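A short worksheet on the structure shown next.
FYI, it's all coordinate maths here, none of it is from the lab. Model, not experiment: these values are computed from the prediction. For neighbour counting, all protein chains shown are included, and Cβ atoms are generated from backbone atoms with ideal geometry for every residue, glycine included.
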Amino acid sequence: MVLKTDNQNVDVVILGTAHPLRGGLANYNHRLAEEYLAQGYKVKLISFSLQYPNFLFPGKSQFSDEPSPKLDIETRLSSINPFTWISVGNYIKKLKPQLLIIKFWIPFMGPALGTVARIARKNKVTKVVSIIDNIIPHEHRIGDRLLANYFIGAVHGFVTMSDSVLKDLRTFTSKPALMTPHPIYDNFGAKIPKTDALKQLGLATSTKYMLFFGFIRDYKGLDLLLQAMADVRVKNLDVKLIVAGEFYTDSKPYFDIISSNKIESQVVMATDFIPDSKVGLYFSACDLVVQPYKDATQSGVTQVAYSFEKPMVVTNVGGLSEIVPHGKTGYVVDVDPEKIADAIVDFFENHKESEMVANCAIEKQKYSWSILTEKIENIVSFTN
């Protein structure tokens, strides 16, 4: 078990993305650190001085302009500089935390994170637990499995956030592993009235809105949702789609779908990076969140939607169906534009919002951060 002690500076080290780097990975690590702090642990985050070389990064910037959270964050690790892997590993080894938590999401990071973990655990005190987003990436590259195996070999145990990722992990290792769903993202402020949010976003308050949120990658299926928007039944609804997130892929095919189907008036393209301070506006403004993914494990977007008590349409891929009970807090549909359109039409024509919002308020209680830390403790106990 992780023990709070008086004779050391740090109980828990979280190694991974943190401010000033931006995005869901950083938000996750910040929120996990806050949970441990609330429980009385001494926590340090160690982040990347270089996360991705610029030529590998698909977005406009890796950095946030938002204020730094009130956390102990050190920027030390370069994903491509082995000298930093060794120095960070030795630094953590000397700190002797009871627990080193590493968020793993892409095999490219395997050499850096795996080397740090191998060195850090040599103090015979530190247990290494990895929270696995994906062990098999959505976008495959040569050498993925080799790099992932190198990382896995350095870790004592694992937590996954969906059964599908746990199943994938079991093709690599039999080490201790548990599944617990992605905790709720409750760090984007409180829900505000829709009309207030819409006014702040400069959108008409007389219209209903759906939301596609997050970095736009091909596997996330925005093309399917745009095709669903072209369905005549959806066109006849007084509903618009807000696309809120930066393109991490070629934008032209998506604008071509909008143009060829003449749905420009139905779609609001807010395709710059959405800072944390505005996330709550977009979720407060919408009536329905749509995640038309072609491939998935779990999604932080789902847990932001729960935080703001917003019903969802998700496709039946990966672990999404594990989180959204069909007909209760939303819809689980096939990866098909017509089926996505069916769900949209049912939601708006049959006035399902109030019922599903009430169900979201109940369902979200399952996804606390304390449950995650309990699962991590369980993994640590299995490794003793």
Note to self: Once you order the gyration tensor axes a ≥ b ≥ c over the Cα atoms, which shape class does segment 194-366 get: rounded for a/c under 1.5, otherwise prolate or oblate by comparing a/b with b/c?
What the structure shows: rounded
Note to self: Can you compute the helix-only [θ] at 222 nm over the chain? Use -39500 (n - 2.57) per DSSP H run of at least 4 residues, normalise by all residues, nearest 500 deg cm²/dmol.
What the structure shows: -11000 deg cm²/dmol
Note to self: Between Gly202, Gly153, Gly318, where does the largest GNM mean-square fluctuation fall for the chain, given springs only between Cα atoms within less than 10 Å?
What the structure shows: Gly202
Next item on the list: Could you state the angle between the C-alpha long axis of helix 353-363 and the longest principal axis of the C-alpha atoms of the chain, as a value from 0 to 90 degrees rounded to the nearest 10?
Entry: 10 degrees
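Which trypsin sites (Lys or Arg not before Pro) in segment 98-154 pass both tests, a DSSP loop state and at most 13 other beta-carbon atoms within 10 Å? The partial results should precede the final answer.
Numbers: sites: Lys103, Arg118, Arg121, Lys122, Lys124, Lys127, Arg141, Arg145; in loops: Lys124, Arg141.
Those satisfying the criteria are Lys124, Arg141.
Hey, got a sec? Which trypsin sites (Lys or Arg not before Pro) in segment 253-306 land in a DSSP loop and have at most 14 other Cβ atoms within 10 Å? Could you put the intermediate results ahead of the total?
Details: sites: Lys262, Lys278, Lys294; in loops: Lys262, Lys294.
Listed in order of number, the matching sites are Lys262.
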Margin query: How many angstrom lie between the Cα centre of segment 298-371 and the Cα centre of segment 206-263?
Written below: 18 Å
